[in-house]
Amino acid sequence: MITRTAAKFILTLRALILTGGTITAELAHDAAATAANRANLPALTMFAATDTAKAALTWLRIAEYNTGQAQLDALTVATYIAHAGGHHTIAAFAITWQRRTAAENNTDVPMDTQLLSLDHRTAAELANAG
């Protein structure tokens, strides 16, 4: 279940995405911390801006401010939003970045992201990137 604090933050983040506001390092760290709680993932993706490409790209910017597991969490949200919006090139980019980050940190790519990479449209983009 999502907390009231997380819900308020998600709505604030949605407003920022819609208005094209600037992502600060502090906001990016808070966003990654919110994404780390898997219970927040449905709300983060459901309340993404109607422009899913813009929302996914914002999550890629959030990932840039983070490292390690926090970066993987932000990239997971970017992947989900891009995939749901049919932006398979962005999803493939985020998955590739996740794989590199996971390898650098001697950890695994989240299983849900691995499953999204099996979608034939995203898999085709991944194959083109390789």
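The residue of the stretch 72-106 that is farthest from the chain's Cα centre (by Cα), among those that are polar (S, T, N, Q) and either surrounded by 24 or more Cβ atoms within 10 Å (Cβ to Cβ) or on the phi > 0 side of the Ramachandran plot (or both), is Asn106.
When Val109 is tested against the conditions (1) over 23 Å from Ile17 (Cα atoms); (2) outside any helix (DSSP H, G or I); (3) modelled with pLDDT of 95 or more, the lone failure is (3). Here Ala25 fulfils each of the conditions (1) among the hydrophobic types (A, V, I, L, M, F, W, C); (2) surrounded by 13 or more Cβ atoms within 10 Å (Cβ to Cβ); (3) modelled with pLDDT of 90 or more apart from (2).
Thr3 passes every criterion in (1) more than 29 Å from Asn128 (Cβ to Cβ); (2) modelled with pLDDT of 95 or more apart from (2).
Listed here are the helices (runs of 4 or more DSSP H) enclosed by the stretch 1-79 that have at least 2 residues being more than 19 Å from Ala94 (Cβ to Cβ): 4-19, 25-36.
Filtered by the rule that a residue be in a loop (DSSP other than H, G, I, E, B) and either within 21 Å of Gly21 (Cβ to Cβ) or touching a helix residue (DSSP H, G or I) at 6+ places or on another chain (Cβ under 7 Å) (or both), the stretch 80-91 gives Gly85, His87.
The values are calculated or read from the model by the stated rules, or taken from the named source; none is laboratory data. All values reported here derive from a predicted model rather than from experimental measurement. When we count neighbours, we look across all protein chains shown, and the Cβ atoms used for this are built from the backbone with ideal geometry, even at glycine.
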